[in-house]
Amino acid sequence: MINDGINDNLEVRVKDENGAMLGIMRASAAKDIAEEKRLDLVMITPNAEPPVCQIMDYGKYRFDAIKKTKETQKNQKKSDIKEIRLSITIDTGDINTKAKQATKFLKDGDKVKVTIRMRGRQMARPQMGVDILNSFYETVKEYAVIDRKPVVDGRSIVMMLAPINNK
């Protein structure tokens, strides 16, 4: 709450614009002090006993707060989930090609979802698919950590890889 949103009869603890304590006074007196300095009276801690208010330039405070949140958001890296599909009948050369693509994604900081889709008779041997995913991990293990181990889920087998942070 700022200025007119604060009840005039309320006893409040007041800080000035530099953070120095002015003491406990009625909100109307604190508003008068803020008006003399051409600043705003802002309630910082409404749940305290008595509530704490500070005299400040509220517009500048809001501007700085928004600028700070934008700056922190700009420095964050949003990690996406990239998917690589393999098959049970894949050859080692193809695994190496897919592994190169996965390492590129992992170096960029993205997670990689590796899936195998089983068809027909392949459903009878899901362990072969798990073995292929484990061998795929062996080729990219210097760039990745297993986030979720290979899991058989209906017709597909899924494994999640996360990038190693120190790379």
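Brief remarks on what is shown
- Checking residue 85 against (1) assigned to a helix (DSSP H, G or I); (2) in contact with a Ser or Thr (Cβ under 9 Å, 6 or more places away or on another chain); (3) surrounded by fewer than 17 Cβ atoms within 10 Å (Cβ to Cβ), the condition it does not meet: (1)
- Residue selected from segment 5-20 under the condition among the aliphatic types (A, V, I, L, M) and touching a Leu at 6+ places or on another chain (Cβ under 7 Å), by the criterion modelled with the lowest pLDDT: 6
- Just so you know, in segment 89-131 the residues that are open to solvent by less than 20 Å² (accessible area, probe 1.4 Å) and outside any helix (DSSP H, G or I) include one that is modelled with the lowest pLDDT, and it is 110.
- Qualifying residue in segment 33-41 (condition: in contact with a Cys (Cβ under 9 Å, 6 or more places away or on another chain) and not in a helix (DSSP H, G or I)): yes
- Output for segment 42-82, where each listed residue is farther than 30 Å from residue 111 by Cβ, assigned to a helix (DSSP H, G or I) and open to solvent by less than 90 Å² (accessible area, probe 1.4 Å): 58, 59, 64, 65, 66
- Residue 112 vs. criteria under 22 Å from the mean Cα position of the chain (by Cα) and under 30 Å from residue 156 (Cβ atoms): yes
- Here the condition is being in contact with an Asp or Glu (Cβ under 9 Å, 6 or more places away or on another chain), under 30 Å from residue 118 (Cα atoms) and not aliphatic (A, V, I, L, M); of 37, 82, 31, 98, it holds for 82 alone.
- Of the residues making up segment 132-146, those that are aliphatic (A, V, I, L, M) and open to solvent by 50 Å² or more (accessible area, probe 1.4 Å) number 2.
- Yes/no for residue 149 being in a strand (DSSP E or B) and open to solvent by 80 Å² or more (accessible area, probe 1.4 Å): yes
- Filtered residues of segment 1-19 (kept if open to solvent by 50 Å² or more (accessible area, probe 1.4 Å) and of a type in the set (A, V, I, L, M)): 1, 2, 10
- Residue match in segment 21-35 (condition: in contact with a Lys or Arg (Cβ under 8 Å, 6 or more places away or on another chain), at pLDDT below 90 and surrounded by 14 or more Cβ atoms within 10 Å (Cβ to Cβ)): yes
The values are calculated or read from the model by the stated rules, or taken from the named source; none is laboratory data. No experiment lies behind these values; they were computed from the predicted model shown. Here Cβ is always computed from backbone atoms with ideal geometry, including for glycine, and neighbour counts include all displayed protein chains. Remember, those area values only see protein heavy atoms, side chains included, never the ligands or the DNA or RNA. Shrake-Rupley method; radii C 1.70, N 1.55, O 1.52, S 1.80 Å.
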